[in-house]
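Asker: What follows is a structure written as structure tokens; I'll ask about it next.
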Amino acid sequence: MLHEAGLVFDSILTQGPMQAVELAREASNQGYDLVVAVGGDGTVNEVVNGLMNCDGKARADLGVIYTGTTNDFARNIDLPKNLRQNCQLMVDSRRMQVDVGVVECAGEGQARQRFFVNVAGAGFDAHLMEEARKTILPLGPKAPYVGAFLKMAPTYDPKDFMLSFQDRQEARRAFTVLVSNGKYAGSIPFDPEADLSDGQLEVMTLDPPTLLKCLAQTYLALLEGYPKIDYVRANTVQMDSTQRLPVQADGEVLGELPARFRVLPRALRVVI
């Protein structure tokens with residue numbers, strides 16, 4: 001389909017986790033002006049991390065052909081669901097400048113930094129990612145996440161969070177705290193009004209009733225409209241807890257709290 005669209009390109013198939021980071025970095029260093037991620041949110045995240053410079057700007061534009069499990073980033077930029085139409089966009093000159101989030105935390109005793117374009121967070125969401133990696137269910141790509149959720153949700157207790165913004169600190173007790181750049185997380189539109197290019201992140205605290213209502217609306221269509229979710233807009237937030245809580249970015253577990261989240265305004269150009 002890409003050949004039919006008239007795109008002149010080279011392609012490489014990744015052989016394992018994190019290889020797309022190095023491939024995207026090599027491609028941008030070699031002068032390619034467009035690097036296309038074919039996959040889901042995890043693949044997009046790896047490519048973005050390969051494209052970003054230490055000065056906070058991308059070295060090449062990003063294209064997305066989505067074939068993954070949830071495809072939240074593709075939803076955020078309204079890519080067509082039709083694969084042929086999606087491929088056709090790769091020869092289009094239209095671009096959208098989007099913000100890129102940065103999360104800094106510790107993992108296995110080392111400082112880690114990761115870029116993200118959709119959503120990061122700590123608590124239930126990151127624990128769910130950890131558990132899903134251990135779950136084997138032959139029922140499709142979403143089955144491990146559904147199985148992990150059903151296993152964890154009945155006994156998962158709310159956690160204590162301390163959120164530090166530029167002008168104040170707030171203690172929160174919640175299932176999870178999300179730091180969102182886009183509208184969707186796990187196919188759920190937690191923040192329908194989010195803007196990928198406004199230079200801010202939305203910090204959302206989700207308690208058990210709110211999370212369950214959102215899940216019911218998304219997957220069971222039981223509710224009329226989504227419950228209101230309170231959020232704080234910020235360009236940086238520090239998150240900590242007295243408990244051991246994992247941190248994830250675009251669905252990839254990085255390390256543990258404490259963590260700092262910040263935004264790089266309009267740092268990446270994306271094909272739309």
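Asker: Sorted by average packing, counted as other Cβ atoms within 10 angstrom per residue and highest first, what order do 14-22, 118-126, 96-104 take?
Answerer: The most tightly packed comes first, giving 118-126, 96-104, 14-22.
Asker: Only counting other Cβ atoms within 10 Å, I'd like ARG75, ARG168 sorted with the fewest neighbours first.
Answerer: ARG168, ARG75
Asker: A follow-up question, please. What distance in nm separates the two pseudo spin-label positions at LYS81 and ARG173, each 7 Å out from Cα along the beta-carbon direction?
Answerer: The two pseudo-label positions are separated by 4.1 nm.
Asker: Give me the Debye-computed log₁₀ of I(q)/I(0) at q = 0.19 Å⁻¹ for region 2-100, equal point scatterers on Cα only, no solvent, two decimals.
Answerer: -0.96
Asker: Please report the relative contact order for the chain, taking Cα pairs under 8 Å with a sequence separation of at least 6, and give it as a percent rounded to a whole number. Could you put the intermediate results ahead of the total?
Answerer: Details: 570 pairs, mean separation 67.5, N = 272.
The normalised contact order for the chain reaches 25 percent.
Asker: Can I ask one more? What is the angle, in °, between the Cα long axis of helix 143-152 and the longest principal axis of the Cα atoms in the chain? Nearest 10 is fine, range 0 to 90.
Answerer: Long axis of 143-152 versus the principal axis of the chain: about 10 degrees.
Asker: Still on this model: I want to verify the translational diffusion coefficient of the chain in µm²/s; compute it with Stokes-Einstein, Rh as the Kirkwood radius over Cα pairs, at 10 °C and 1.306 mPa s. Could the numbers behind the result be given before it?
Answerer: Numbers: Rh = 19.1 Å.
Calculated translational D: 83 µm²/s.
Asker: Helix-only mean residue ellipticity at 222 nm, the chain, DSSP H runs n ≥ 4 weighted -39,500 (n - 2.57), per residue, nearest 500. What is it?
Answerer: -7000 deg cm²/dmol
Asker: Give me the percent relative contact order of region 2-100, please, defined on Cα pairs under 8 angstrom at least 6 residues apart.
Answerer: 28 percent
Asker: Sticking with this structure for a sec: Could you state the angle between the C-alpha long axis of helix 19-29 and the longest principal axis of the C-alpha atoms of the chain, as a value from 0 to 90 degrees rounded to the nearest 10?
Answerer: Roughly 50 degrees between the two axes.
Asker: Percent relative contact order of region 55-135, based on C-alpha pairs within less than 8 angstrom and at least six residues apart?
Answerer: 19 percent
Asker: Can I ask one more? What distance in nm separates the simple spin-label points at ILE12 and ASN53, each placed 7 Å from Cα in the Cβ direction?
Answerer: 2.1 nm
Asker: How many percent of DSSP beta bridges within the chain run antiparallel, rounded to 5?
Answerer: Once the DSSP bridges in the chain are tallied, antiparallel ones form about 90 percent.
Just so you know, all these numbers are worked out from the coordinates, no wet-lab data involved. For clarity, every value in this text was computed on a predicted model and none was experimentally measured. Note: ideal-geometry Cβ built from the backbone for every residue, glycine included; neighbour counts use all protein chains shown.
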